[in-house]
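Since the structure comes first, as structure tokens, the remarks are kept for the end.
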């Protein structure tokens, strides 16, 4: 009697496992096509290197997964991490990091919440990537020094915008 029950139990487990595996997979994250992501990052880095800045540019998809990371010759280790974190932050918050940094100046609760999250970098230089009205990722630039009265992060934002402007009409 034990043997037929063991077989029945094994069949039940096999059936349950098959049903679990047959569940539909979650929708894949959206993001710009790889060629567009590379083009945006290259444009952002080129825009900054034209002014003498050695920066890094990163693109993440809608799940915050790093898709592209480019660093100019001589870019610092910090610029790489800041670029990635700014791209992640703009995607996660669905807003530019500059806008969020401004809001934090007048909203102490928001500032405390965002500063407590170590995955976020709320400094200028991160922009959400939009396809229509949907955020499909983020672009971030890090490494621009303060120069001629322009804060480093503001220079990062200018270069990130140049990269995004290069591809925004091709996003779907």
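Computed from the coordinates by the stated procedures, all read-outs in this text should not be read as laboratory data. On a predicted model such as this, the values are computed, not experimentally measured, just so you know.
Overall form of the range 80-172: oblate. Here a/c, set by the Cα gyration tensor axes a ≥ b ≥ c, is 1.5 or more, and a/b is not larger than b/c.
Is the C-alpha gyration tensor of the range 20-121 telling us rounded, prolate or oblate? Criteria: a/c under 1.5 is rounded; beyond that, a/b larger than b/c is prolate, otherwise oblate. The shape class here is oblate.
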